[in-house]
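Participant: Let me give you the structure first, and then I'll get to my questions.
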Amino acid sequence: MNADQAYSYIERSVAAQRLAQAYVVVAPPRGVGDALAIRVLMLLNCTEKDAPCGCCRACLSVQDRTHPDVHWIEPQMKSRVISVKQMRGIQKQIYETSFSGGWKACVIIGADCLNPSAANAFLKTLEEPPEKTLFLLLTDSPQRLLPTIISRCHRMTVTGGDGDGLDDDLRTAVTDILASRTGGGGIQRLAKGDRLATLLKAVKKRISDEENAALDDEEANVDSDTLAARVSSRYLEVREAIMRSILLWYRDILLLCCDADPTWIHHGVSTEQLEASAAGITYRNAAAQVRAVEQMNRQLGMNMPEPLVFTVGFSVLD
Ligand SMILES: [Zn+2]
């Protein structure tokens, strides 16, 4: 389901007083996942008649994450882990009475980052949850959650509007790089890898600037490790989305080689460029390109240095 359908589903559950205690939202935790969480929490906390109004005090404090009954937890250490200490801090708060007398909520961004002791502590909470408390677990890797946690949650898989989770500007920048003609030359192929590395560097700088700017507003006391971890975890999410978009590009070329149904093409707006890239390419080569991108994903997942991964990977991508 998409984000609107997921929201409507929860809205109907609220209206029927059948809201589950805990939901695993399978989606990119930042962007799709947290936007859905904010909408749902505004619905539960809004003080206006036509909830969520989006502009009352409760709605605004949900949006800027200062609502006293809504607790956010995210991986904070460089290790991208949610520690048992963080979890205990949240548990203490959710067992207290709510400030507004209404719902309390806990949103776990990147629930797959709960380390084993934090996950076990959280499981105890799920086994004996406090009254009128909603848990939203946002993750794009549900397979990394404890099965005992999953089994106590209602699971919703939420897709972004477009499937790869990228905004339009970034997707265009990526497809521009992929569509540039190499003429089969080795140097030009490597240039694609260099352009991608430059693009990623700019993405990282923008995220870092945004996180620093956000700091000035509210939390002057955030330490540099926490800040670095936030930048790094946001960056890795965007990089994953970019790599997904690249994989879909080469999958599209493979589909064109097989004369597949055009509605299956992901990068439909770039069909002309895709057709140009697919012209004269054999099925075998197209399949090898898809495998090369999958290989780059695996290497990035093992924390191999980006420049090395792209140099090797793009040497076989046309
Ligand atoms: Zn409101």
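Participant: Set the Förster radius R0 to 35 Å, insert the Cβ-Cβ distance between Leu236 and Thr148 as r into 1/(1 + (r/R0)^6), and round the FRET efficiency to 0.05.
Facilitator: After rounding to 0.05, the efficiency reads 0.85.
Participant: To continue, here is another question. Okay, helix-only estimate at 222 nm for the chain: each DSSP H run of n ≥ 4 adds -39500 (n - 2.57), divide by all residues, round to 500 deg cm²/dmol; what do you get?
Facilitator: -17500 deg cm²/dmol
Participant: Here is a further query. Treat every Asp and Glu Cβ in region 3-157 as -1 and every Lys and Arg Cβ as +1, leave all other atoms uncharged, and give the resulting dipole magnitude about the Cα centre to the nearest 20 debye.
Facilitator: With Lys and Arg at +1 and Asp and Glu at -1, about 340 debye.
Participant: Starting from one equal scatterer on each C-alpha and no solvent at all, send me the Debye-based log10 I(q)/I(0) for region 3-157 at q = 0.18 Å⁻¹, two decimals.
Facilitator: With one equal scatterer per Cα and no solvent, log10 I(q)/I(0) is -1.10.
Participant: With a Förster radius of 35 Å, plug the Cβ-Cβ distance of Thr157 and Lys85 into 1/(1 + (r/R0)^6) and report the FRET value to the nearest 0.05.
Facilitator: 0.70
Participant: Next up: Helix 3-15 versus the longest principal axis of the chain: what angle, 0 to 90°, nearest 10, using Cα atoms?
Facilitator: Its long axis makes an angle of about 20 degrees.
Participant: Here's a follow-up. Based on the Cβ-Cβ distance from Thr66 to Asp167, what FRET efficiency comes out when R0 is 25 Å, to the nearest 0.05?
Facilitator: 0.45
Participant: Working from Cα positions, state the angle (0 to 90°, nearest 10) between the long axis of helix 84-94 and the longest principal axis of the chain.
Facilitator: In the chain, helix 84-94 runs at an angle near 50 degrees to the longest axis.
Participant: Between region 270-289 and region 89-156, how far is it from one alpha carbon centroid to the other, in angstrom?
Facilitator: After rounding, the separation between the Cα centres reads 45 Å.
Participant: Below 26 Å, Cα to Cα, which lysines can Lys205 reach? Residues fewer than 8 away in the same chain don't count.
Facilitator: Leaving aside lysines fewer than 8 places away in the same chain, those within reach of Lys205 are Lys78, Lys192.
Participant: Setting aside same-chain residues fewer than 8 positions from Lys104, which lysines have a Cα under 23 Å from its Cα?
Facilitator: Reachable lysines: Lys49, Lys85, Lys92, Lys124, Lys132.
Participant: If the cut-off is a Cα-Cα distance under 19 Å, which aspartates and glutamates reach Lys201, setting aside same-chain residues fewer than 8 apart in sequence?
Facilitator: Result set, ordered by chain and number: Asp167, Asp168, Asp169, Asp176, Asp209, Glu210, Glu211, Glu237, Glu240, Glu306.
Participant: Now, a different point. What is the distance, in nm, between label points placed 7 Å from the Cα along the Cα-to-Cβ direction at Glu131 and at Ala288?
Facilitator: For Glu131 paired with Ala288, the spin-label model returns 6.8 nm.
Participant: Next question, about the same structure. Can you give the Rg to Rh ratio for region 238-318, taking only C-alpha atoms and Rh from Kirkwood?
Facilitator: Result for region 238-318 is an Rg/Rh of 0.99.
Participant: Cα convex hull of the chain: mean projected area in nm², to one decimal?
Facilitator: Spelled out: convex hull of the Cα atoms, projected over all directions, averaged, 17.9 nm².
Participant: Along its principal axes, what span do the Cα atoms of region 1-61 show, with the longest given first and each in whole Å?
Facilitator: 30, 26, 19
Participant: Could you work out the relative contact order of region 168-314, using alpha carbon pairs under 8 angstrom and six or more residues apart, expressed as a whole percent?
Facilitator: 30
Participant: I need to check one value: relative contact order of the chain, counting alpha carbon pairs closer than 8 Å and at least 6 residues apart, in percent.
Facilitator: The value is 20 percent.
Participant: From the phi of every residue in region 45-56, what ³J(HN,Hα) in whole Hz does the Karplus formula 6.51 cos²θ - 1.76 cosθ + 1.60 yield, where θ is phi - 60° and glycine or proline is x?
Facilitator: For region 45-56, the Karplus-derived couplings read 9, 4, 9, 8, 5, 9, 6, x, 6, x, 9, 6 Hz, x marking Gly and Pro.
Participant: Here is a follow-up. For His154, which sequence-distant residues (separation of 5 or more, or a different chain) have an amide H within less than 5 Å of its own amide H, given hydrogens modelled in the peptide plane?
Facilitator: Under 5 Å from the amide H of His154 lie the amide H atoms of Ala22, Tyr23, Val24, each far enough along the sequence or on another chain.
Participant: Relative contact order for region 71-154: what percent, with Cα pairs under 8 Å and sequence separation of 6 or more?
Facilitator: 34
Each reported figure results from applying straightforward, stated rules to the coordinates on display, with no laboratory input. Given the structure is predicted, the values throughout are model-derived calculations rather than measurements. For neighbour counting, all protein chains shown are included, and Cβ atoms are generated from backbone atoms with ideal geometry for every residue, glycine included.
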